[in-house]
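A.B. asks: Next up is a structure, given as structure tokens.
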Amino acid sequence: MKIIVCIKQVPVRDSQLKVDGNGRWVREDDLSFEINEPDAYALEEALQLKEKHGGEVIALCLGPARATQTIREALAKGADRAIHVQADNPGALDTLALARALAKALQAEQPDLILTGLQSDDLGYGQTGVVMAELLGLPHATIIMEVEKQENAIRVRRELESGWFQWVTMPLPAVLTIQSGIRRLRYATLMGIKKAKTKPVETVAAAELGVDLAPAVTIEKVYAPKKEKHTEILTGGAKEAAAKLAEKLRFEARVL
């Protein structure tokens with residue numbers, strides 16, 4: 001199987017975020033970056049499928065030059081090679097533009113399976129894999145908990161609400177978005193880190209892909225939510241105060 005895994009580089013989860021000068025994104029000059037955790041689970045699933053059925057795992061990442069660090073991490077864990085779509089300001093791309101670039105970059109590979117994480121830790125749209133599948137004209141399924149390889153097809157288990165699951169059989173090639181926690185993530189070994197330095201990384205500029213990267217959606221303002229405290233004394237007897245409290249919890253706090 002030839003499997004492409006789309007990975008994204010995002011700020012480290014416990015980073016102290018500060019809004020940048022134009023108020024449309026966060027300052028990145030003093031941030032540390034890591035692989036998007038949901039994408040790490042997609043990579044792990046791809047590596048386990050390769051170990052069971054053979055084939056090749058290709059990491060696909062769109063990002064600036066610093067994304068090389070995340071690409072090398074994927075190679076150190078076991079990906080065979082990588083494609084780096086260079087974009088100096090990936091935050092300016094919306095889901096459609098990002099999906100167009102990724103779909104174009106992987107089209108020549110003719111993969112059997114394309115995996116993405118369920119969503120990104122920074123924006124959390126949860127749309128890239130689905131939009132990319134539509135652009136490629138491929139069947140897709142989301143929130144995948146298990147993948148079984150069959151003859152020219154796959155059988156996947158999707159997580160639904162309230163503890164329910166759904167089994168779906170799909171033809172190949174296909175696109176899957178992988179649920180976080182599906183597997184235990186592996187660490188890169190010392191040997192894997194050494195091998196990653198010699199594995200091929202193809203670099204292509206996003207602007208040279210020949211696709212429309214103009215965003216249909218733009219972020220106008222990013223700001224930290226205000227923290228406010230409000231205290232209210234409920235008067236009356238115990239029964240009356242309890243009724244008022246229940247009403248406020250139901251209609252104002254919306255927790256009942």
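The values are calculated or read from the model by the stated rules, or taken from the named source; none is laboratory data. Just so we're clear, the structure is a prediction, and the values are computed from it rather than from any experiment. Cβ sites come from the backbone with ideal geometry, for glycine too, and all protein chains shown count toward neighbours.
A.B. asks: Of the numbered conditions (1) of a type outside the set (A, V, I, L, M); (2) surrounded by 10 or more Cβ atoms within 10 Å (Cβ to Cβ); (3) more than 20 Å from the chain's Cα centre (by Cα); (4) within 22 Å of Cys61 (Cα to Cα), Thr169 satisfies every one except a single condition; which is it?
C.D. replies: (4)
A.B. asks: Restricting the search to the range 218-253, which residues are under 23 Å from the mean Cα position of the chain (by Cα) and surrounded by 11 or more Cβ atoms within 10 Å (Cβ to Cβ)?
C.D. replies: Ile219, Val222
A.B. asks: State which residue is farthest from Ala205 (Cα to Cα) when the search covers only the range 63-101 and only residues that are among the small types (Gly, Ala, Ser) and in a loop (DSSP other than H, G, I, E, B).
C.D. replies: Gly78
A.B. asks: So, restricting to strands (runs of 3 or more DSSP E) that lie completely within the range 146-228, which ones have at least 1 residues that are touching a His at 6+ places or on another chain (Cβ under 8 Å) and under 26 Å from Asp121 (Cα atoms)?
C.D. replies: 174-178, 201-205
A.B. asks: Yes or no: Asp121 among the acidic types (Asp, Glu), touching a residue at least 40 places away in the same chain (Cβ under 8 Å), surrounded by 17 or more Cβ atoms within 10 Å (Cβ to Cβ) and over 19 Å from Glu37 (Cβ atoms)?
C.D. replies: For Asp121, the condition - among the acidic types (Asp, Glu), touching a residue at least 40 places away in the same chain (Cβ under 8 Å), surrounded by 17 or more Cβ atoms within 10 Å (Cβ to Cβ) and over 19 Å from Glu37 (Cβ atoms) - is not met.
A.B. asks: Across the range 186-201, what is the number of residues that are surrounded by fewer than 13 Cβ atoms within 10 Å (Cβ to Cβ) and within 22 Å of the chain's Cα centre (by Cα)?
C.D. replies: Number satisfying all stated conditions: 1.
A.B. asks: Go through the range 21-56 and give me each residue that's free of Cβ contacts under 8 Å to residues at least 24 places away in the same chain and more than 18 Å from Ala188 (Cβ to Cβ).
C.D. replies: Within the range 21-56, Gly21, Asn22, Arg27, Glu28, Asp29, Asp30, Leu31 qualify.
A.B. asks: So Asp94 fits all but one of (1) modelled with pLDDT of 95 or more; (2) surrounded by 19 or more Cβ atoms within 10 Å (Cβ to Cβ); (3) of a type in the set (Asp, Glu); what number is the exception?
C.D. replies: For Asp94, the exception is condition (1).
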